[in-house]
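S.K.: One structure follows; several queries about it will come next.
The values are calculated or read from the model by the stated rules, or taken from the named source; none is laboratory data. Computed from a predicted model, the values in this text were never measured in an experiment. Counting neighbours? That spans all protein chains shown, and the Cβs are built from the backbone with ideal geometry, glycine included. With ligands, DNA and RNA removed, areas are computed over all heavy atoms of the protein, side chains included. Shrake-Rupley method; radii C 1.70, N 1.55, O 1.52, S 1.80 Å.
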Amino acid sequence: MSLEDVGRLLISCPDRPGIVAAVSHFLFERGANIIRVNEHSSERGGGTFFMRLEFRLEELASTAAALEQAFKPIAGSFDMDWRLAPAAQRKRLAVFVSRAEHALLELLWQQRAGDLAAEIVVVISNHTNNAELVQRQGLPFVHVAISSATKLQAEAHELEVLADYNVDTVVLARYMQVLSPAFLEHYPARIINIHHGFLPAFAGANPYQAAYDRGVKLIGATAHYVTEELDAGPIIEQDVLRIDHRLGPDDLRRLGRYIERVVLARAVGWHVEDRVLLHGNKTIVFN
């Protein structure tokens, strides 16, 4: 099956009878074949309805605009927040990284292996130590030095680079800079961060030392969309590893690198496959 003919319909709206019937009938009338559906209703049917629907329709690439226009009356009648995402239209990613390389390496490997349904088109960093690594993969590496005095100019440069490469989504792969609200406005719900800690516990610059000092038995990582409130955006994915008293801070950091890259890769994979829908400051993830 060619992805050129596959579309994804993402819908959220107030829940009420008839939504699935109306959408299904609309697609049936146009000769589309539904191949996968995920649904969720909050508040046990009394809140918001979410749906991710994949369908196949011949010549979708040339008819998608007309299909969207025809769907608007149905969307309006159910007060839908919706979008149609062609599966063949791979998202273009920019990866932001500082010194630590592990999360970046995972994304590069997944792209090389064909496991990432997106294209990494540029890597941006406030350091130069990963330049050779990135360039060996045939990708452009852009160094943007940042200080408190040059932050506004640096972010303006970064935004220019993102526009030049037509970037859809920004991935912060251990990028140790806080993005300004003005920057975030350009990519709402399209900037994904990996936090080196199981939020909301152990926030800050050295969570593994804090976890060791506290004697925890679990460490974890959190991937989330970036908002103005630091490390408080909608969570996409989390995971944990069990630890014990025999492990020191360096062991925790080593295990932390593993879980950070795995959690970030999952979150990015779900995002680029249109599996994540926002629900206030939460997410609905159809994985």
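S.K.: Over segment 8-78, what number does the Rg to Rh ratio reach, with both radii from the alpha-carbon atoms and Rh per Kirkwood?
M.R.: 0.97
S.K.: Report the relative contact order of segment 39-165, percent, no decimals, based on alpha-carbon pairs under 8 angstrom and at least 6 residues apart.
M.R.: Numbers: 107 pairs, mean separation 19.8, N = 127.
Relative contact order for segment 39-165 comes out at 16 percent.
S.K.: Same structure again: Alpha carbons only, please: Rg and Dmax for segment 124-196, in angstrom.
M.R.: Taking only Cα atoms of segment 124-196, I get Rg and Dmax of 12.3, 33 Å.
S.K.: How long is segment 147-239 along each principal axis, judged by its Cα atoms, biggest number first, in Å?
M.R.: 46, 29, 20
S.K.: Hey, another quick one. For segment 78-132, compute Rg over Rh where Rg is the Cα radius of gyration and Rh is the Kirkwood radius from the inverse mean 1/r over Cα pairs.
M.R.: The Rg/Rh ratio comes out at 1.14.
S.K.: While we're on this one: About its Cα centre, what dipole magnitude does the chain give when the only charges are +1 on Lys and Arg Cβ and -1 on Asp and Glu Cβ, stated in debye to the nearest 20?
M.R.: In debye, rounded to 20, the chain gives about 660.
S.K.: With the other protein chains left in place, how much accessible area per residue, in square angstrom, belongs to the chain at a 1.4 angstrom probe?
M.R.: Here the residues of the chain average 50 Å² of exposed surface.
S.K.: Give me the distance in nm between label points sitting 7 Å out from Cα along the Cα-to-Cβ direction at ASP251 and LEU139, one decimal.
M.R.: Each label point is offset 7 Å from its Cα along the Cβ direction, giving 3.3 nm.
S.K.: Can you tell which of PRO14, GLY47, ALA65 lies farthest toward the positive end of the dipole of segment 3-68, using +1 and -1 charges on the Cβ of basic and acidic side chains (Lys, Arg; Asp, Glu)?
M.R.: Projecting each Cα onto the dipole axis, the largest value belongs to GLY47.
S.K.: Now for a separate question. Using a 1.4 angstrom probe on heavy atoms only, work out the carbon and sulfur share of the accessible area of the chain in %.
M.R.: Working: 7160 of 14390 Å².
The value for the chain is 50 percent carbon and sulfur by accessible area.
S.K.: If you count the DSSP beta bridges with both ends in the chain, what percent of them are antiparallel, to the nearest 5? Walk me through the numbers before you get to the answer.
M.R.: Working: 38 of 55 bridges.
Around 70 percent antiparallel, to the nearest 5.
S.K.: Arrange the residues MET51, MET176, MET80 by how much accessible surface each exposes, largest first, with a 1.4 angstrom probe.
M.R.: Descending accessible area places them as MET176, MET80, MET51.
S.K.: While we're on this one: Kindly give Rg over Rh for the chain, based on alpha-carbon atoms, with the Kirkwood expression for the hydrodynamic radius.
M.R.: With Rh from the inverse mean 1/r over Cα pairs, Rg/Rh is 1.01.
S.K.: On to the next question. Can you work out D for segment 1-147 in µm² s⁻¹ from Stokes-Einstein, where Rh is the Kirkwood radius over C-alpha pairs, the temperature is 20 °C and the viscosity is 1.002 mPa s?
M.R.: Result for D is 118 µm²/s.
S.K.: Would you kindly compute the Cα radius of gyration of segment 52-104 and its largest Cα-Cα separation (Dmax), both in Å?
M.R.: Rg, Dmax (Cα atoms, Å): 17.2, 50.
S.K.: Run the helix sum for the chain: -39,500 (n - 2.57) per DSSP H stretch of 4+ residues, divided by residue count, reported at 222 nm to the nearest 500 deg cm²/dmol.
M.R.: Estimated from H runs of four or more residues: -10500 deg cm²/dmol.
S.K.: From the C-alpha gyration tensor of segment 198-287, pull out the three semi-axes of the equivalent ellipsoid (sqrt of 5λ each), sorted largest to smallest, in whole Å.
M.R.: 26, 14, 10
S.K.: Right, next: Taking the Cβ of ASP251 as the centre, find all other residues whose Cβ is under 12 Å away and add up their charges (Lys, Arg: +1; Asp, Glu: -1).
M.R.: Net local charge, ASP251 excluded: +2.
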